[in-house]
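These notes are about the structure you will find just below.
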Amino acid sequence: MNWEIDEESLVALRRDIHANPELSYHETRTSGLVATLLEGFGLEVTRPSPTSVVGLLRGARPGRTVALRADMDALPLEEETGEPFASRNPGVMHACGHDTHTAMLLAAAKTLAGLRDELAGNVKFLFQHAEEHPPGGAVEIVAAGALEDVDGVFGLHVRNQKAGTATITRGAASTAYDGGMLTIQGRGSHGSMPQHGIDPVVVGSEIVLALQTVVSRSIAPDHFAVVTVGAFNSGEAPNIIPDTARLALSVRTTDPEDRETVRRRVHEVIAGVCAVHGATYRLDWEPGYDAIQNDDGAAELAFAAAATALGEGQIEWGPATSGSEDFSVYAARVPGCFVFLGGGDESEGFPFQNHHPKFNVMESALTLGARLEVQIALDFLAAEA
Ligand SMILES: [Zn+2]
Ligand SMILES: [Zn+2]
């Protein structure tokens, strides 16, 4: 089977999408562009939600169906790359590389559409909206039935590592994210008369320190877990004991049991410390994305495809990212694998991480990413069910 990626149009598309970023749930231009191109490739196009697109490529012969996913949304960030194709939308930037995901999957779709006569089975292209904004677009796409006839699902994410290399994880590929907003209700008083008050600054401080024991004492040392207090706001003046304190927490875990343990221990610590001091509290717990659980078979298939598409030595087994991603929604329903693609590292002139206003990727890596997506689809459809 002879095929190649249309490199020139891939880079042009990436730059066009990069210059016109759109926030989560507002990917109107991007999804319109994607739908038009997929129709042009001869795919069956549906719209599970106003700003998402699913393209179905039916092979010449019957077989299984493999899904490939790209996300399309940008972030509320002012771009500082200085590129000629930098964002034209003030305060909005493709700082997570979703512009490259969209362009790579479009290039893969074009190539696979050209191979239709040789395919046994179908390829479904999931162009997802709103990855950056929980509850996220994946739940809407799944609710619309997009995975009902799908046998395997794969996704790529660019990140800061050597351009054109890939990393695949066994088991969890990302973390589960949960957030909590805590309000401690104390009793305000004159700063010179603490005996008449319940000081929420002291209570909050004790909670911050006590929370440090949740991971260190309740989670196994070889498991991944983080508890962070990212905000602590209380008081205005040195001589006033304030009435309330507000703390913002974030929690990341990879194991579902650890996730529940951390949630329970955080609640117990807060309730216990508040009770000791006679304070009351309100904790609004906001569950975020689940951890992506890679399927062993799907991960092996993606690893072998990466060795073919990128070259032996360009692919390695690696640890999970500490970030979170709603690809977990697909991988929870269908055997799947999430692959990290290197978009360039510091030694190559790309020192910035995803979500940084100067985040950028080496465009030569995009052709390799599109090659990998095509190879995964071909290998999946060629494999025994
Ligand atoms: Zn992101
Ligand atoms: Zn992302």
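The values are calculated or read from the model by the stated rules, or taken from the named source; none is laboratory data. Here the structure is a predicted model, which is why all the values come from computation and not from measurement. Neighbour counts run over all protein chains shown; Cβ positions are idealised from the backbone, glycine included. Ligands, DNA and RNA are stripped out before the accessible areas are found, and what is left, the full protein with its side chains, is counted by its heavy atoms. Shrake-Rupley method; radii C 1.70, N 1.55, O 1.52, S 1.80 Å.
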Acute angle (nearest 10 degrees) that the helix 296-310 long axis makes with the longest principal axis of the chain, alpha-carbon atoms: 60
Relative contact order for segment 259-367, counting Cα pairs under 8 Å that sit 6 or more residues apart, in percent: 23
Distance (nanometres) between label positions extended 7 Å along Cα→Cβ at residue 58 and residue 187: 7.4
Karplus-derived HN-Hα couplings along segment 238-247 (A = 6.51, B = -1.76, C = 1.60, θ = phi - 60°), whole Hz, x at Gly and Pro: x, 10, 10, 7, x, 7, 9, 9, 10, 10
Segment 176-287: relative contact order as a whole-number percent, Cα under 8 Å and 6+ apart: 43
Whole-percent carbon and sulfur share, accessible surface of the chain, 1.4 Å: 51
Residue among 57, 283, 366 with the largest mean-square fluctuation in a Gaussian network model of the chain, springs linking Cα atoms under 10 Å: 283
Under Karplus coefficients 6.51, -1.76 and 1.60, residue-wise ³J(HN,Hα) of segment 249-258 in Hz, glycine/proline x: 10, 9, 10, 10, 9, 10, 9, x, 5, 4
Under 5 Å, built H, 5+ apart or other chain: amide partners of residue 156: 69, 339
Using θ = phi - 60° and Karplus 6.51 cos²θ - 1.76 cosθ + 1.60, couplings along segment 333-339 (whole Hz; Gly, Pro as x): 9, 9, x, x, 8, 10, 10
Residues with amide H under 5 Å from that of residue 64, placed H, sequence gap 5 or more: 122
Helix 28-40 axis, angle to the chain major axis (alpha carbon atoms, nearest 10°): 20
Per residue value of the accessible surface for the chain (all protein chains in place, 1.4 Å probe), Å²: 43
Folded to 0 to 90 degrees: helix 7-19 orientation relative to the chain principal axis, Cα: 30
Signed unit charges on C-beta, dipole axis of the chain, positive-most listed residue 11, 230, 154: 230
Long-range HN-HN contacts of residue 189 with modeled amide H, under 5 Å: 241
Highest-MSF residue in the chain out of 93, 362, 193 [GNM, Cα springs under 10 Å]: 193
Label point distance in nm, residue 260-residue 4, each placed 7 Å from Cα along Cα→Cβ: 5.5
Under 21 Å from the Cα of residue 162 - lysines, other chains or at least 8 residues apart: 358
Gaussian network model of the chain, springs between alpha carbon atoms under 10 Å - residue of 351, 238, 48 with greatest fluctuation: 238
Residue 206 paired with residue 233, simple spin-label distance in nm, labels 7 Å along Cα-to-beta-carbon: 2.5
